[in-house]
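Enquirer: Take this structure first; my questions come after.
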Amino acid sequence: MCQSTIYLKKGDTEEEILRDAILVERCSEGVKIQGLFDEPKIIPARITSVDLLKNRIILELPK
């Protein structure tokens, strides 16, 4: 399977917030994410990077 891990960038560090994400969707409140067995949740952030080779998605809080 090709699920990705989602990280939230905080300054120079990246905090893992969801492993095995199956949904990443931009919405009016930020980004909706969902894991394989989790309920969807909305993160008030924006997508800054998607690396499909490494299965990594980076989110960042708005400035």
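Enquirer: When the Kirkwood hydrodynamic radius is evaluated over all pairs of different C-alpha atoms of the range 4-60, what value in angstrom, to one decimal, is obtained?
Expert: After inverting the pairwise mean of 1/r, the radius is 11.2 Å.
Enquirer: Place a +1 charge on the Cβ of each Lys and Arg in the chain and a -1 charge on the Cβ of each Asp and Glu, then give the dipole magnitude about the Cα centre in debye, rounded to the nearest 20.
Expert: About 180 debye.
Enquirer: Could you work out how much longer the chain between Asp20 and Arg56 gets when fully extended? Use 0.36 nm per residue separation minus the Cα distance between them, nm to one decimal.
Expert: Answer, rounded to one decimal: 12.0 nm.
Enquirer: Using Cα pairs closer than 8 Å and at least 6 residues apart in sequence, work out the relative contact order for the chain, in percent. The partial results should precede the final answer.
Expert: Numbers: 132 pairs, mean separation 20.1, N = 63.
That works out to 32 percent.
Enquirer: Right, something else. What order, most packed first, do the peptides 35-42, 2-9 have when packing is the mean number of other Cβ atoms within 10 Å of each residue? Mind showing how you got there, number by number?
Expert: Details: 35-42: 11.5, 2-9: 16.5.
Those peptides, ordered most packed to least, come out 2-9, 35-42.
Read the figures in this text as sums done on the coordinates, not as results from a lab. Note that the structure is predicted; figures quoted are calculated from it, not measured. With ideal geometry, Cβ positions are generated from the backbone for all residues, glycine too; neighbour counts draw on all protein chains shown.
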